[in-house]
Structure formats: C-alpha cells, structure tokens
Amino acid sequence: MGVRVMSQPFLQMLAPEARELLLAAARPVSFVKGATLVRHGEPARGAFVLREGAAEARVPAPGGDCFVVARLAAGDVFGEMALVESGTCTATVEATAHVDGWFLAQEDFRAVVVQRGAAARELQHAVTVVLAGRLRAVNERLATLASPEDRPARAAAPAPMAGVARLRRAPFDLPAFLPRLAFFDRFPAAEADEVLACATVLEAPRGALLHAPGGEANAVLVVARGAVEVLRPVDGHERRVAVLGPGKPLGQLGVLLGQPHGSWAFAREGSTLLQIPAGAFRELYFGDTPAGSRLRSAVQRSLLESLGRTNRALTRLAAHARLAAQAREASTFEQAGAAQLWAESAAGA
C-alpha cells in the first residue's frame, strides 16, 4: 500500500481570523522525537495540529511489524474526526522529529463553532473539507482494490429523475416526522422548519435513478421514507457503496465542493425524499444562523457515517481475504482502513 501524505496543510486552509480562533481554543503541546502522540486502540478525544516537526502513523502488522500509513508535517492535522464524534484511534502516531503544536479537544471545538461570525463558520467548514478529503482518498484507494462483491454494471439505466413525482406535500405528516430522522435529530423544530421551507417533496418509484456519475450536483436529497442504493463504477463493474434509509442525505459533497456526482443512486423501493436545491442548501450551510451551524454539523456526521461504512467494508473484505488465505490482500484492506486514523466507538458502530 502507498503511504498517504497530507496534501494541503490544515492551517494554510484557514483565513487569519479562523486560525486565531482555532489556536485560542487549543492548548500547546510538545513531544520529543520518538514520543507517542496517540496510541492504537485508545479513545480519540480531539485533533492535533502540527506547528513544527514530523510524525508517522503506524498500524500493527502480523508478525510484530508495523506499517506506516501516513506521514505528517508542519501544518498538518490529524484526529479531526474526533472533533465531530467520539471514536477510537486506529493507528499509533509517533514523533519522528521534535514536535510542537496544538491539541483541540472535542468539547472546546464544539464551543467555538456554535459562535456567530465568519471565523467560526470557516473553521467548521474547514473540518468538513478535511473529512471530505479523507473520504475521497479512501474511496479512491478502495476503488483500486478488487472486491468479490463487485458485480457487472447494468447494461442501461433510466434517465435521472425519470418517473419521479414532485408533490405539494408529503403523503404523511412530514414536519412531525422530521425530528425522527437522523439528519435532523439535533435540530429544534424552528430550525428544521427553516430547512424544510427550502425543500421540495419527491416521490420516487422503485428503480428510479436519482443521479448518475458525471452528472451535475444540483441538489441535496434527504431520504424521508424508503431507501436509496448508492453504486460506484469500478472497472466496468458496479460496487455497492451504501443503502441509505430514512434520515440519510446524499449529494451534499458535490453541492458544497462544486463537484459532479461520482456514483449512481437508485430508489431501492418506493421512496419519499426531500430535495433541497444547491443554491438554497449552500445559503443555509454558509449562513450565520443557528440552523447553519446545525446543518454543518449534520453534514460532518454524515461524512463520519460514510467513513464508518467504508471501514466496515474494508474489515469485511480483509476477513474474507484471510479466510481465503490471501494474507497480502487482507493486509492491504486493513492498511487502507487504518489510514483514516479513526474508527467509530463500539457504541456508534
């Protein structure tokens, strides 16, 4: 497996005001060369930002060896997933030179991002961008690995949104149902209504194509009832990425990052969805309101869920490879998962 090297230093992503806000909430830390910053299997409680020095993330391998899955340098961040939800470290991070930096605890990050102002908004979005980069990198890595779960791509697919009806209102009491949906579970009623006011209700029959690879991400969809199957093209095959049930969003990264869809999304059964146009979603997401902060947190939680699904897929593929006595393939899957440096806690798995 190739070693993952951090691409764009985290601090360089931030405007001066957001950087100052981050550093004011964090506490300085220092580690001598050879010191352990976090250990494999320990609870992940927050994020580290390196100001100077270097570190490596390593995972144990059969036989007592270790694999290096990431190299970190000045300006890099790791552990940012723990800012959103508690989890477990999947690698040991060791200083390969004297390290000076900062540690930002989960509770301090949450206190910062609920503040009004552009700096808090930018800091919260920067964490979203880093999480999106992690997810994109591990999905790209996973796409290079053959999987026995791949299946031949279907010969033809319907046009996106063909047969999908737009309704004036849902066929059930949607406002009363919203608090039960995972995406809205931390929204007060007034803020959920603010999001709902921007949405159109869609009724998709079983098998309806909602979006296709390369298509413009012009809306965010949230499953209200039913289920959506997400498939990614892999070398002439298709690979199931997820089955999204009620309360799960799709298309949000394409909308926020201005990227086309990278997958197919099909209604797995007759489904009711909320469609939030890209412009309205971005206006809410980047807005300086409590609903905006709550929406940014919801997007981050959905990214962690996606990373968790990928972790579980890699663990499953590694187990299959070991049962088939394919030790090299099993190690490759295991390293790909550990490169995220975070996993769901047992309670959240």
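Scanning the range 140-164 for residues being open to solvent by 40 Å² or more (accessible area, probe 1.4 Å) and part of a helix (DSSP H, G or I) gives a total of 2.
The single condition among (1) touching a residue at least 40 places away in the same chain (Cβ under 8 Å); (2) farther than 22 Å from residue 246 by Cβ; (3) open to solvent by 20 Å² or more (accessible area, probe 1.4 Å); (4) of a type in the set (A, V, I, L, M) that residue 127 does not meet is (3).
The residues listed here are 80, 94, 85; of these, the one that is of a type in the set (D, E, K, R), within 18 Å of residue 307 (Cβ to Cβ), open to solvent by 30 Å² or more (accessible area, probe 1.4 Å) and in contact with a Lys or Arg (Cβ under 9 Å, 6 or more places away or on another chain) is 85.
With respect to residue 51, determine if the residue is at pLDDT 85 or above, among the charged types (D, E, K, R) and surrounded by 18 or more Cβ atoms within 10 Å (Cβ to Cβ).
Judged against the criteria, residue 51 is not a match.
Criterion applied to 279, 287, 292 was being in a helix (DSSP H, G or I), at pLDDT 70 or above and surrounded by fewer than 18 Cβ atoms within 10 Å (Cβ to Cβ), and the one residue passing it is 279. Per the conditions (1) crowded, with 17+ Cβ neighbours inside 10 Å; (2) out of contact with any His (no Cβ under 7 Å at 6 or more places or on another chain); (3) modelled with pLDDT of 85 or more; (4) more than 16 Å from residue 297 (Cα to Cα), the sole criterion not satisfied by residue 113 is (4).
Annotation note: Cβ proximity below 7 Å between a residue of the range 104-121 that is under 22 Å from residue 76 (Cα atoms) and a residue that is open to solvent by less than 30 Å² (accessible area, probe 1.4 Å) and of a type in the set (Phe, Trp, Tyr) (sequence gap 6+ or interchain) occurs for no pair. Restricting the range 191-221 to residues that are without any contact (Cβ under 8 Å) to a residue 40 or more places away in the chain and of a type in the set (A, V, I, L, M, F, W, C), the residue that is most open to solvent (accessible area, probe 1.4 Å) is 197. Among the candidates 190, 217, 118, the residue that is of a type in the set (A, V, I, L, M, F, W, C) and within 30 Å of residue 26 (Cβ to Cβ) is uniquely 118.
Scanning the range 57-88 for residues that are closer than 24 Å to residue 296 by Cα and in contact with a Gly (Cβ under 8 Å, 6 or more places away or on another chain) gives 79, 81, 82, 83, 85, 86, 87, 88.
Does residue 137 fit the bill of being open to solvent by 30 Å² or more (accessible area, probe 1.4 Å), closer than 27 Å to residue 22 by Cβ and not in a loop (DSSP other than H, G, I, E, B)? Here the answer is yes, as residue 137 does meet what is asked.
The values are calculated or read from the model by the stated rules, or taken from the named source; none is laboratory data. Keep in mind it's a predicted model, so treat the numbers as computed, not measured. No Cβ is skipped: glycine too gets one built from the backbone with ideal geometry, and neighbour counts run over all protein chains shown. The area values use the complete protein model at the heavy-atom level, side chains included, leaving out ligands, DNA and RNA. Shrake-Rupley method; radii C 1.70, N 1.55, O 1.52, S 1.80 Å.
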